[in-house]
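**Student:** There's a structure below that I have some questions on.
FYI, it's all coordinate maths here, none of it is from the lab. Worth saying up front: this structure is predicted, and the values here are computed from it rather than measured. Note: ideal-geometry Cβ built from the backbone for every residue, glycine included; neighbour counts use all protein chains shown.
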C-alpha cells in the first residue's frame, strides 16, 4: 500500500486544525500526519492536538519560535530527510494548515480512495512532481472558489534536495524530468472575518519593518532585500474589507459544493471556515462536480456554465500550448474564454442565470 505523509506547521489554528486533520487523515491515516506546532497558546488548539496525538497523529512542539516559522522550509527538509533514512513512506506533501489536497483532472474529486489511487499510479515514476494548481475560497461566498496557478510542494521519498519557507520552490534529485500531477490544493485562506485575516497576517509579518502602515519599527525587525516579500499579507493592512471583497467581484470562479459536503461527511461544520453569507446554491447535475460561475449586474444575477476540462483543452490547442494557460486551461476560460464565447462543454449546454434573491 502506498504510504502518503502530510506535514504542516501551525500556530493557534483553532478553526482549521481539526478539519485539516480529518480531511488528510481520511486520505493518509492519522499515523501519517505530522503537525509542527509553532508555539500555540490557544487552549482549544492544545486540546485538539492532545486528542489527535492519542489517535496517532505526530505533534512536534520543539519548533515554537517566530524564527522557526521563518525557517519552516529547512525544518520540513530536516524532518523529511529523517523519514528518508527510516524508509517508511512513498510520498510527502508539505503544506499549510489552510490547504487541503484534492484531485482535479476531468472532474473535481475529494474522494480519499480516488486520491490514493492516483498516488499509487505515480509510485514508480522517477521525476520532479509539479503540483501548481489551487482553488482559493472566495471570501464570504460559501462553495465558491477561484482557480489559481501557484506552485506547491510534493516529494517522492528519497528525492528532496531543498525546500523554501513558502513551500513554493521544491527541489529534487530529478532535475531533467518534470511531471504535472492531477492534484490541487483547496486553499481556505480567506477567513469569513476580515479582522481574523489581519490577525493571522500580522503574526506572519511581524518580523518585517514597516509591514503594517502606521506602526513604528520595532527592535529586531528586518528590511527584506525583496520589497515584495509577503506582499499578499501586507495587502490586508493597505486595503479595507470592502476593497478586499471588491477584488473578487469581477472575475469568474467555480461553484463547488462538493467540498463543503465532504467536510460535513467528516463531521466538520464548514460554516466557521467558509462563511455564512447567502449566495445562490444551485444543485450540481454534472459529473464534473462543479460549475463555472460569474456575477452579473453587481451581484444581482449569477450565471452558471457547465465546464468540461478535457473537452476545453482538446478544443483549444492555442490554450494548451500557452506557457501559462497550458498548465490549467480552466484559467483561460475564467480570464478570457467565457467572454470570447468559447464552447465549455461538448454538448453546448447553455448557461443559466439565477437571481440573487437570498
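**Student:** If I build a Gaussian network model for the chain, linking alpha-carbon pairs within less than 10 angstrom, which residue out of 101, 273, 205 has the largest mean-square fluctuation?
**Tutor:** Among 101, 273, 205, the largest GNM mean-square fluctuation belongs to 205.
**Student:** How far is it, in nm, from the label point at residue 237 to the one at residue 88 when both lie 7 Å from their Cα along the line to the Cβ?
**Tutor:** Output for this residue pair reads 4.1 nm.
**Student:** Also: Report the full-extension gain for the segment residue 322 to residue 297: residue separation times 0.36 nm, less the Cα-Cα distance, to one decimal in nm. If you can, show how the numbers build up before the last one.
**Tutor:** Numbers: separation 25, 0.36 × 25 = 9.00 nm, distance 3.16 nm.
Fully extending the segment from residue 322 to residue 297 adds 5.8 nm.
**Student:** One-quarter of the Cα convex hull surface for the range 232-358, in nm²? Provide the component values of the computation, followed by the final result.
**Tutor:** Details: hull surface 39.4 nm².
Orientation-averaged projected area of the Cα hull: 9.9 nm².
**Student:** I want to check the label-to-label distance for residue 271 and residue 41. Put each point 7 Å from Cα in the C-beta direction and report it in nm to one decimal.
**Tutor:** The modelled label-to-label distance comes out at 3.0 nm.
**Student:** At R0 = 41 Å, how high is the FRET efficiency between residue 105 and residue 230 if r is their beta carbon distance? Nearest 0.05 is fine.
**Tutor:** Values: r = 32 Å, r/R0 = 0.79.
Computed FRET efficiency for residue 105 and residue 230 comes out at 0.80.
**Student:** If the chain between residue 339 and residue 62 were fully stretched, how many nm would it gain, using 0.36 nm times the residue separation less the Cα-Cα distance?
**Tutor:** Numbers: separation 277, 0.36 × 277 = 99.72 nm, distance 5.18 nm.
Result: 94.5 nm gained on full extension.
**Student:** On to the next question. Output the relative contact order of the range 23-127, whole-number percent, from Cα pairs under 8 angstrom with separation of 6+ residues. Don't skip to the answer; put the middle values down first.
**Tutor:** Numbers: 76 pairs, mean separation 27.0, N = 105.
Result for the range 23-127 is 26 percent.
**Student:** Shifting gears a bit: Do you know the relative contact order of the range 181-291, to the nearest whole percent, from alpha carbon pairs under 8 angstrom that are 6+ apart? Could you put the intermediate results ahead of the total?
**Tutor:** Numbers: 65 pairs, mean separation 30.9, N = 111.
RCO, the range 181-291: 28 percent.
**Student:** If one computes the Cα centroid of the range 148-173 and of the range 260-336, what distance in Å separates the two points?
**Tutor:** Distance between centres, Cα-based: 27 Å.
**Student:** Taking 30 Å as R0, compute the FRET efficiency from the Cβ-Cβ separation of residue 281 and residue 117 and round it to 0.05. The partial results should precede the final answer.
**Tutor:** Values: r = 30 Å, r/R0 = 1.00.
Computed FRET efficiency for residue 281 and residue 117: 0.50.
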